[in-house]
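The values are calculated or read from the model by the stated rules, or taken from the named source; none is laboratory data. All values derive from a computational prediction rather than experimental measurement. With ideal geometry, Cβ positions are generated from the backbone for all residues, glycine too; neighbour counts draw on all protein chains shown. These area figures cover heavy atoms from the full protein model, side chains too; ligands, DNA and RNA do not enter into them. Shrake-Rupley method; radii C 1.70, N 1.55, O 1.52, S 1.80 Å.
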Amino acid sequence: MKKGKILPVMAWKGILRNGNVYFPYLIAGIFSVFTYFVFTSILHNDIIKVLPRSGYAWMMLYMGKGILSLILILFLVYANSFLVKRRQKEFGLYHILGLEKKHIGIMLFFETFLLYAGAVAGGVLFGMVLSKLLFLMLLRMCNLSVDVRFVFYPAAFRETIVYFLWVFGVNFAVGLLQVGKARPIELMSGSKKGEKEPRFLPVYALAGMAALVFGYYCSVTSKLDSMIFLNFVLAVSLVIVGTYLLFASGSIAFLKWMKGRKKFYYKPGNFVTISGMLYRMKKNAAGLSNICIFSTMVIITLICTVSLHLGMDSLVHFVHPYDMTVLYGEEKAAEEEVAQEIAALEEKYGLAATRVDIYDRMRLAVRKEGDRFVMRQDNGGFSDHAEDYGLEIITAPEYERIENRMANLQDNEVLLHCSGRDYGYDSVDFMGVKLQVKEELTSFFPYPKAADNTFGACYVMVVKDRQVQEQCVRAWAEANGVTELESFLESDYRFIGIVLAGEDAQKNAFLGEFAQWCQSRPGFFDLTDNVEGRRDLGTMYGALLFLGILFGLIFFMCLILIMYYKQITEGYEDRNSFDIMQKVGMSDREILGTVRRQILMVFGLPLAGAVMHTAAGMVMVKGLMGAAVSFFRADLLFWCTVGVIIVFMAVYGVSYTMTAKTYYRIVRHE
């Protein structure tokens, strides 16, 4: 048979003979294609673009697809390196028997094509079966209508086929380069060749420790400001570099230390374990560091996903405590008229208004410097400065009506409340007006408090009466160069906030009619339907929850496959060592004990590193969740962290034990 005809057959048989390494890779490829195809199909579907409030979900999925594209190519290229490494001896034998490197390259091409065809066919098939189910799950999580028809578009198929053609093309090029630059004798002995100890090991250790400590420092000291996202990227990069360098230096130093303990080292099980790990010291460090990093990614993804799911209801009510807010300008809506209209609508729709707050307020832009409020430099627009706030001044009678408690203030006394961190001073200098803080309020309904709330935080200052309020406003106006002072003093707003008890459908009808009434009254300025706002937030948070679940599964798949390939690769490399030890009297029981000891030594290091990374990173994760989704439930985040770590440790142990069985079967020639 001619070489041109036999090479495809050899490629097919090569995949079948090495099924224990190729089939897991094919399954990972099918899952990767399936995930990418699902993302692409949903994004290309017109339904996701036209459903109300689905813009948030579409934006989250689009960003998720970009991250997914990067993760999948890095992971599949990394996994493919295991396949080429495993086949080096076989390729060397082919070369010695008469096949030229170009023929081996052609055989690699057919292998890559078969894997590509199998992965794309399987992934697209599963995608066509399950895409609609996942799409409906996305709609349900986002509180969008599920009575829709999901359509597959040719663009989704084309994009998936082209992307993975490029990914598998990169894999083929990498494999071709590895085989092409090696001599036949190197291919024959590639899997048996030991690794040299890295030079400058102390330098690696110091650099790794410095990178890890600085990465932890960036995380622990991070603040919720405009730099938190850049700090997150810096911290993650430093931790990844530090993890690899410390595993490369620390694991080798630890193994050499154990080798120096003669009574411990020269025992059959310990000798095989330690010598085998020293034999592949660099690859072992890379494998452990990758397991550690992916374990950390799985844990943090699950923590964020579970926390978001459990805290979603409190999140939307934190951002929108009222069901509707209305503002009136120069002409104020009479409280009696508002109360009468609400009472009529309560009777009409069978709903109860559990809270109706009507009060006048003046909102000003300020900057806090210690116990002083001074002029803000951005003229009241949005600012990412940590000490820039919106400040509302209301009078004691208004406060007493809202909170149903007495203020009992003197002319120079105020009640102060911050929806972020505490004010912390006994006095306040407001643009030159000296006031005493009688009490710092810990709660004030329209302004839910969270100490980590920076960007969305505001101050509320309760003063004795209208005269003190005008004194403060005059001081602010003069500091900010406001010339038409009298008209400015008259421009405070009457605020109306309503909370209803009932279903959203009834609330919508109630609020729709109330909104029309408000807009018809003189002096109407602005209106916000927070029931609709909560639904918008629920849509965005639901899309994030959907992404968290999918990315958690992807990271876990990557972790399991890395663990599996590590055990397979090391099993084949250790097989000859165990054969020799058996010939000199090592029993099956001793082999099993050796395997367990090696697993025990390797099992704890990445897991301990992942737990350390998670513990150090939770400060920054808490800040990121606060910045991205206004999540400030530190108690919930803590318990979710504890629970996720415990569950992950159990699943990690089971997964590692299952992959270890493959290692044991290999060294036993089963």
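In the stretch 400-429, the residues that are in a loop (DSSP other than H, G, I, E, B) and acidic (Asp, Glu) reach residues that are open to solvent by less than 20 Å² (accessible area, probe 1.4 Å) and modelled with pLDDT of 85 or more with C-beta atoms within less than 8 angstrom, at least six apart or across chains, in these pairs: 411/468. Within the stretch 121-143, the set of residues being assigned to a helix (DSSP H, G or I) and open to solvent by less than 10 Å² (accessible area, probe 1.4 Å) comprises 123, 127, 131, 135, 138, 139. Say whether the condition of being modelled with pLDDT under 85 and open to solvent by 30 Å² or more (accessible area, probe 1.4 Å) is met by at least one residue in the stretch 157-173. The answer is no; no qualifying residue exists.
There is no residue in the stretch 416-435 that is modelled with pLDDT of 85 or more, in contact with a His (Cβ under 7 Å, 6 or more places away or on another chain) and surrounded by 18 or more Cβ atoms within 10 Å (Cβ to Cβ). Against the condition at pLDDT below 75 and closer than 30 Å to residue 129 by Cβ, how does residue 61 come out, does it pass? Yes, satisfied. The single condition from (1) at pLDDT 70 or above; (2) more than 21 Å from the chain's Cα centre (by Cα); (3) farther than 30 Å from residue 571 by Cβ that residue 247 fails is (3).
For (1) modelled with pLDDT of 85 or more; (2) of a type in the set (Lys, Arg); (3) assigned to a strand (DSSP E or B), each residue gets a yes or a no:
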| position | (1), (2), (3) |
| --- | --- |
| 468 | yes, no, no |
| 482 | no, no, no |
| 497 | yes, no, yes |
| 500 | yes, no, yes |
| 508 | yes, no, no |
| 512 | yes, no, no |
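Within the stretch 94-116, is there a residue that is within 29 Å of residue 571 (Cα to Cα), hydrophobic (A, V, I, L, M, F, W, C), open to solvent by 80 Å² or more (accessible area, probe 1.4 Å) and modelled with pLDDT under 80? Yes, there is a match, as at least one residue in the stretch 94-116 is within 29 Å of residue 571 (Cα to Cα), hydrophobic (A, V, I, L, M, F, W, C), open to solvent by 80 Å² or more (accessible area, probe 1.4 Å) and modelled with pLDDT under 80.
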